[in-house]
1. For region 424-470, place one equal point scatterer on every Cα, skip the solvent, and apply the Debye formula. What is log10 of I(q)/I(0) at q = 0.18, 0.24 Å⁻¹?
2. Using DSSP to define loop residues, name the trypsin sites (Lys or Arg not before Pro) in region 180-230 whose beta-carbon has at most 11 other beta-carbon atoms within 10 Å.
3. Cut-off under 29 Å on the C-alpha distance; same-chain residues fewer than 8 positions from residue 350 excluded. Which lysines are left, in chain and number order?
4. Taking only the alpha-carbon atoms of region 290-414, what semi-axes of the equivalent ellipsoid follow from 5 times the gyration tensor eigenvalues under a square root, in whole Å, largest first?
5. Please go through region 259-305 and write out the trypsin sites (Lys or Arg not before Pro) that DSSP classes as loop and that have at most 11 other C-beta atoms within 10 Å.
6. Take the alpha carbon gyration tensor of region 66-183, find the square roots of its eigenvalues, order them as a ≥ b ≥ c, and report rounded if a/c is under 1.5; if not, report prolate when a/b exceeds b/c, else oblate.
7. Under a 1.4 Å probe, what is the accessible area of region 283-433 per residue, stated in Å²?
8. Could you pull out every one of the lysines with an alpha carbon less than 19 Å from that of residue 82, ignoring same-chain neighbours closer than 8 positions?
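The values are calculated or read from the model by the stated rules, or taken from the named source; none is laboratory data. None of these values were measured; they are calculated from a predicted model. Cβ placement follows ideal geometry from the backbone for every residue including glycine, while neighbour counts extend to all protein chains displayed. Surface accessibility is based on the protein's heavy atoms, side chains included, excluding ligands, DNA and RNA. Shrake-Rupley method; radii C 1.70, N 1.55, O 1.52, S 1.80 Å.
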Amino acid sequence: MKSAAQLEQLERIVERAGIAERIEALLPVGVRPRQLRVRTLLIGMLSVACEGRPAHLSRVHEALLSLPEAEKRRLGVLAEWKSGPHELTYRQVERTFSLVAGALAKAEPDGEPCEALSETIDALLEASVEACGEPETSSYAVDWTDLETSSCPPPKGGGACADPEASWGHRRGNSPGERDEVFYGYYLQVVTAVAEERGPAVAELVRRIQIGSCDVDPPPALVPVLERMAKSGIELGEVLADSGYAHRMAESWALPVRRLGASLVQDLHPHDRGRKGTHLGAIRANGNLYCPATPAALLELGPLARGATEEEASAHDRKAAELSAHKLGALSGYDADGYRRVGCPAVRGKLRCPLRPDSMALEHTRPEVVSPPEHPPTCCSQQTITVPASVNAKTAQKHDYPSPEHRRSYARRSAAERAYATVKDPASNDISKGWCRLAGLAPIALFAASVFVARNLRVADAFAARVAEDERRAAVGLPPRRRRRRRKSAADLIGAANGPP
């Protein structure tokens, strides 16, 4: 334990979470009372995580024994027995933790946490967010990553292994020279707070996590977590997700999230981009409805390539603006059943169309429909049409895809990547293989929650220090500090090193 102030802070988090008493009620009562209470065990686990130590029970034992004598007596680490003072043993730590893990595990594991374990993790993380200061935002970035177990996988010929709840998963290698590969373990998901669009910066605190077997599809497994957030009174304004979430069936991800009142900002999978049929004559593409006379080249417009020049970005954005002019604009929000009304772009003054004589009076800088349909469909014969929830249910989102507004808004999703970087850092908490020698979903999830609590405390302190430094510089007339951006990418450096002399 580093200091008395840190111990006090961890105790406040455990008290605010209010889970120690609930877990104690689930544990069996023996003939002799246990010396190590659940509250003290949780404090020891959080202490180990804050010190950047591996998630080993021996480390928890050492952290509790390192407390001052007065604190050890208060927390029950040093107890009075008939034979005299008795110091907590490793076996007692192991026994209490096994009881807690057993109480929070399912009798018949199915790859997902039980309700009690989910509530425990939610309460710990929410208590850490409250202790750090709740960020003033309703936008959250979600993502999943690999969480490898320390257990060896099952033998190829069949048989048991130390962690039967884990399963084989797939992880992508995004670094230069890194290949995709399979791993044996779990999928870990985070819900990270991000700044609002055009809003002030906030501490990127992880508000929820979800851990499940790789046999369980991550996006549908995260929906109950978001539902619990909304039920607890947390506003879900925007949910930022990559194409791994957007590519799932609408009933598994998009529709339940929208039902919670959230707006989606997500990347589209290549298979979901472009033209995908029609509705009452309007073309369905990239989550929107477009005029039947929209040029095919505009409908095939993809996201801006990484590393694009300013000229390429300007050309791309001009095409996105022209595509937006052909979009049927929303006239109302979604009702309780997911229906809404949209209007013809020519009627709304976005483009010139011979089928709408009034629109031909618009300036010639607006796009013009040169060849209107010979037999106008419903979307052209009516000024507005009704769009049911089933149309573009999977791909509809807050901003037009792939507009510059979407690009700027979606860039905030990198906060989820930074959340993983801070818990896979060898200099602090590193949850790579071997960080936790315990097996099973419940033990690993409890230690993972402790790591993210420690991570939130570090991130909040660093954010407060940056804000204080910016205020100090502003007081003396200096501009705020700017982050140094890498001028050469890792791929450039690797290419230069492997190039000819």
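1. So the normalised log intensities are -0.63, -0.88.
2. Loop-located and lightly packed - 198.
3. 276, 319, 327, 394, 398
4. On the way: eigenvalues 135, 89, 27 Å².
Equivalent ellipsoid semi-axes, largest first: 26, 21, 12 Å.
5. none
6. The shape class here is oblate.
7. Heavy-atom SASA per residue in region 283-433 reads 52 Å².
8. Filter leaves 72.
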